[in-house]
Structure formats: C-alpha cells, structure tokens
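Down below is the structure, laid out as structure tokens.
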Amino acid sequence: MENNKQALVLSTSPHIKNNESVPKIMFSVILTLIPAAAFSVYQFGLYILLLCVVSVATCIVSEYVVVRLRKRPFTLTDYSAVVTGILLVMVLPPGFPVYGVILGAVVAIVIGKQIFGGIGYNIFNPALIGRAFLAATYPVFISKWIQPRIGIDALTGTAVADALSSATPLASMKFDGIGTPFISLFFGTTGGSIGETSAFLIILGSLYLISKKYIKWRIPASIFVTVFILGQIFHYIKPDQYPGGVFHLFAGGLMMGGLYMATDMVTSPLTKKGCVIFGAAIGFLVIVIRLFGGLPEGVMYAILFMNAFVPVINRATKPKIFGTWGPA
C-alpha cells in the first residue's frame, strides 16, 4: 500500500479563492463598452473608429516605452492601456483631431498612470487626466460638436435624419434655455461626446459589470441619487431656469462618468461608507458646476477633484479594530 503524502501549504492572509484577475476584469470592461462605441460609430461615422484605433495604439506604445525605460517587464495582456484608450475617446467630441487624440493618449498613460508607478498606483483616472489636458490645450476643439446621423426634434419629439446639433443638451439648456426630450437623452439621438450620448447603452453595458461586482454599485448609486435630488430641488426653486433631476441624470457624461470613471478600482474608496461619501460629493460638485459654474458640464472635474480625497476618505472610514495582540 502506498502512502499518499500531501504537503501542507501555509500562506498569509487574505485567503481569496476565485478566478478573477486584472486582465479578465479589464477585458470585461472593454466588452461592455462595445455597444456604446458601436452606436457612436453609427451616429458619427467611421472617423470614430479611426480615433479609437489611434487612441488605443498610442496608449499601448506609450506604456511600452515608459515601462522599458523603467526597465520593467511590459504586460500588454492586462488590457489596462486598451481600456484607457477607449475611455479617452468616449469622452471627446466626435470631430476631435487625430493628433489631439494622440497627445491626449500619451498624457493619459505617461502623466496619468506611469508617473505614479503604473497600474494600481495612479491616484487619478488616467483617461480623465488626458481629457483634462486636451480641454486646456484645445479649448475650441473640445467644445466643437457635429450632428449625429439620427436626432430628435426638440419641438415635436419625433426622429429626424441628419439632425443639426451645434451644442450639447447641457450647453443648450444652460446658455439658451432650450431643453431636450428625455427620449433623445436616454437613447442617444442627440449631440455630445462620442460615447456619452446614449445613456441606455451605457447602463446596459454596466449591468454586467455590476452583476460581476467589478463595479462598486454604491458609488454610481450615490452619485445619481445626489444629482437627482439636488437637481429637483433647484428645479422647484426656479423651474424656468434650472432643469429637473431626470434631465441631469441622462444629459452629458454623468452615466459614463458615474458607471465607468468614478468606479475605477484604483482611484475610488475601499470601504462601503467611503464609496457613498465619494459618490455623494461627486454628485454635489456636478450640480454646483453645471448650475453655477462657467461650464455646462462638471463630471470630469468632479471625479478628478474627489480622486485626490480618496486616501483621506479611506482613512476616515476604515473599520475599527476590535482586538489586537497585546505585549508578551
């Protein structure tokens, strides 16, 4: 009879048993972004596909160069550079020039990610860093919009082909007092950033990430609740000047920012209470900027601003330790 000997393996905590990995999570994010990206190609043309390819390629090359200069192994299979490239394009206007996308992608990877040490060490969302840089560098291009293939007539609420869209719904409401039908905001038949127009497709894609617990649902939930409540309050105060809460939810980049940007695992709080505080603060800043700031949109700045406070939020909301080993 043979004696079966099994070695006893000892390891330190945490003892987590699952098959999740960074490449799997990142690849899932890419897949869930495909519906919104494909719809943007349909709405604004094949030029959008070119921007995506250029952005992703630039992010990969930039990461390769920096990692090699730091004499560290290059890991393309974590897909993080691909995600950054796609998200960067999704928050840009449809007519943004190719050379601007290249510059933004380089900044997103080098300044937004690798300068902090690479994946897992950055304190700000890399794609938003790239977008913020482009907003400061190309203020004309970043506010220049083109018409979608299919739009919704603001007066009749019916679909029209080749609808003109010289301004986003937020800009039209803020500066001209012209509203946009909710159906147009929800399904994306209006002007805006490449991947932000269709709230429906963004929500559809994020449902899978939420079901897999890749997204901390408390963050988008607290963002949306705060934005809706504050939006309704100001709408009741001045209904002829401020739009309602539903408009704020589906207009602009709130869905993309709340579901894909603010929920970044690296740049968001670790605790449940911290996620609620983080999300509520972002929602508050979004309303303040949209209603009282000089810009019609404030999602990007709200998320970046709160990214800086994540270490403070983590320290303030960390759970109490109920027992420790005393002196021997």
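For K71, the test of being at positive phi and charged (D, E, K, R) is passed. What are the pairs, 6+ residues apart or on separate chains, where a residue within the stretch 241-260 that is without any contact (Cβ under 8 Å) to a residue 60 or more places away in the chain and crowded, with 24+ Cβ neighbours inside 10 Å has its Cβ under 6 Å from a residue that is of a type in the set (G, A, S) and part of a helix (DSSP H, G or I)? That search, which allows pairs on different chains as well, returns H248/G231; M255/A199; L259/S206. The number of residues in the stretch 34-75 that are outside any helix (DSSP H, G or I) and closer than 30 Å to L204 by Cα comes to 3.
Each row is one residue, and each column tells you yes or no for (1) within 30 Å of T190 (Cβ to Cβ); (2) crowded, with 18+ Cβ neighbours inside 10 Å; (3) over 19 Å from the mean Cα position of the chain (by Cα); (4) at pLDDT 90 or above.
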| site | (1), (2), (3), (4) |
| --- | --- |
| Y64 | no, no, yes, yes |
| R68 | no, no, yes, no |
| T75 | no, no, yes, no |
| I86 | yes, yes, no, yes |
| M90 | yes, yes, no, yes |
| V106 | no, yes, no, yes |
| K113 | no, yes, no, yes |
| N122 | no, yes, no, yes |
| G130 | yes, yes, no, yes |
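Determine, yes or no, whether S268 is crowded, with 23+ Cβ neighbours inside 10 Å and part of a loop (DSSP other than H, G, I, E, B). Taking the combined requirement at face value, the residue satisfies it. Of all the listed residues (F175, F200), the sole one being out of contact with any Ser or Thr (no Cβ under 9 Å at 6 or more places or on another chain), more than 15 Å from Y260 (Cβ to Cβ), outside any loop (DSSP other than H, G, I, E, B) and not acidic (D, E) is F175.
The values are calculated or read from the model by the stated rules, or taken from the named source; none is laboratory data. Being a predicted model, the structure only gives us computed values, none of them experimental. We place every Cβ from the backbone using ideal geometry, glycine too, and count neighbours over all the protein chains shown.
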